[in-house]
Amino acid sequence: MDTMKAVRKTREGPGLELTSAPVPVPQSHEVLVKVKACSLCGTDVHIYNWEHPWSEGRITPPRIIGHEVCGQVVKVGREVTLVREGDLVSAESHIFDGKCMQCRMGNMHICQNLKFFGVDVDGFFAEYAVIPETNVWKNPPDMPVEIATLQESIGNSVYTVFSHDVTAKTVAVFGGGPTAQFAIGILRAAGAASIIVVAGSMLHLDLAKKMGADVVINRHERDPVETIMELTDNQGTDVFFEMSGSGTALAQGLKALRPRGSASVLGLPTKDVCIDMAKDFVMKDITVRGIYGRKIWDTWLTTSRLLLSGKFDPSPLITHRLRLDDFEKGFEAMISGDAGKVVMFP
């Protein structure tokens, strides 16, 4: 086969197209995979809508998009030794150079010359794709492909949750998207004492309950800070995770965090955020971490073990299973907010 189906950004501006593209040829250090499943992320929506910073000035069309994948290896380059034909693999979406100071310090996820599948190089919304051996993660052969493709996204949540001690702690999660929902299930598996979730849609609130939340707060109906303080006997939560990208959520979560508490911020605000640094940050003596991507490969190992243990099940979050040809339906659901995770099958 010389050509394949692929979802591409063919020109600058909103929209994507299902087109015919050449089947890529793996170089000596790459593997060719037949894509079994791929899943949508918020970044893909930004690219679809042609929003800064993931599109305009960054992507040079034509570009096959998508960075979450599960595929079967069909060909390996002559220098590849980690996997062989027939193996089921996923991909770390951050392409690191392995040479910069951050990589040498073991921080490949914040490589100084980082590139991304589906943004800087062709991605995985296609029938076939190539992956550098350094970005390949080998899956158990019996792992369901629709779960295997989620591991890249789950890794964000794993990295966030385990950035602090959450066992027997009261934890507030602000956000209702997939990374927040994954975090709820991981918190439950990690032994959090109480999981309080703040979200804004009935779908997200319902999914949060399915994933193991103890309390869900509809931010449109109740003041999150007042409600959390009531629930915690006016003490506040031990840990707070901001996973929505909302400046309001960040400010509220910090106000509802107890003195000497811990917070991690994964959400990416699109504009400057205003918080009360004196009262809610410095004078409370709190610990705050920024979380980016996943710790390569530590987080992948933790994610795989969580899935294999059976203590964490992300499947309730898969709200849409579609053929690649129907990708528009997936983007429509994501843009409308009427979706958890959208998985596509080429």
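Per residue, the stretch 230-308 exposes 53 Å² of accessible surface when a 1.4 Å probe is rolled over the protein heavy atoms with every protein chain present. Among the GluC sites (Glu not before Pro) within the stretch 205-287, those in coil by DSSP and having at most 15 neighbouring Cβ atoms inside 10 Å are E221. Scaling the Cα radius of gyration of the chain by the globular reference 2.2 N^0.38 Å produces a ratio of 1.00. Of the peptides 65-75, 135-145, the order by per-residue mean of other Cβ atoms within 10 Å, starting with the highest, comes out as 65-75, 135-145.
Subtracting the Cα-Cα distance of R289 and T167 from their residue separation scaled by 0.36 nm leaves 42.1 nm. For the residues S157, S90, S28, a GNM of the chain with alpha-carbon springs under 10 Å puts the largest fluctuation on S28. The shape of the stretch 169-298 comes out rounded: with a ≥ b ≥ c from the C-alpha gyration tensor, a/c is under 1.5. Only helices enter this figure: runs of n ≥ 4 DSSP H residues, each worth -39500 (n - 2.57), summed and divided by the residues of the chain, yield -7000 deg cm²/dmol at 222 nm to the nearest 500. With Cα atoms defining each centre, the stretch 254-294 and the stretch 88-153 are spaced 29 Å apart in the structure. Here the stretch 200-246 has an Rg and Dmax of 11.2, 29 Å, counting Cα atoms alone.
Label-to-label distance for D325 and D298 is 4.6 nm, based on points extended 7 Å past Cα in the beta-carbon direction.
FRET efficiency for the pair R222 and R78, taken as 1/(1 + (r/R0)^6) with r the Cβ-Cβ distance and R0 = 56 Å, rounds to 0.40. Among rounded, prolate and oblate, which fits the stretch 157-234 when a ≥ b ≥ c are the square roots of the eigenvalues of its C-alpha gyration tensor, a/c under 1.5 means rounded, and a/b larger than b/c means prolate? Oblate is the answer for the stretch 157-234, as a/c is 1.5 or above yet b/c matches or exceeds a/b. Entry for the stretch 245-294 at q = 0.28 Å⁻¹: log10 I(q)/I(0) = -1.16, Debye formula applied to identical alpha-carbon scatterers, no solvent contribution. Expressed as a whole percent, the proportion of Cα-Cα pairs in the stretch 227-346 lying more than 20 Å apart is 62%. Springs join every pair of Cα atoms under 10 Å in this Gaussian network model of the chain, and among S244, S309, S55 the largest mean-square fluctuation is at S309.
For the stretch 23-31, backbone phi angles converted through the Karplus equation (6.51, -1.76, 1.60; θ = phi - 60°) give residue-by-residue couplings of 5, x, 10, x, 7, 4, 9, 10, 10 Hz, Gly and Pro being listed as x. Per-atom-type breakdown for the stretch 295-346 gives carbon and sulfur 49% of the accessible area (1.4 Å probe, protein chains only). Share of carbon and sulfur in the accessible area of the stretch 199-267 stands at 45%, probe radius 1.4 Å.
For the stretch 49-181, with all protein chains in place and a probe radius of 1.4 Å, 50% of the accessible heavy-atom surface sits on carbon or sulfur. On a per residue basis, the stretch 32-137 carries 42 Å² of accessible surface, using protein heavy atoms and a 1.4 Å probe.
Applying 0.36 nm per residue to the separation of K115 and E56 and subtracting their alpha-carbon distance, the gain on full extension is 19.7 nm.
The values are calculated or read from the model by the stated rules, or taken from the named source; none is laboratory data. All of these numbers come straight from a predicted model, not from anything done at the bench. Cβ atoms come from the backbone with ideal geometry, glycine included; neighbour counts cover every protein chain shown. Heavy atoms of the whole protein, side chains included, go into the accessibility calculation; ligands, DNA and RNA do not. Shrake-Rupley method; radii C 1.70, N 1.55, O 1.52, S 1.80 Å.
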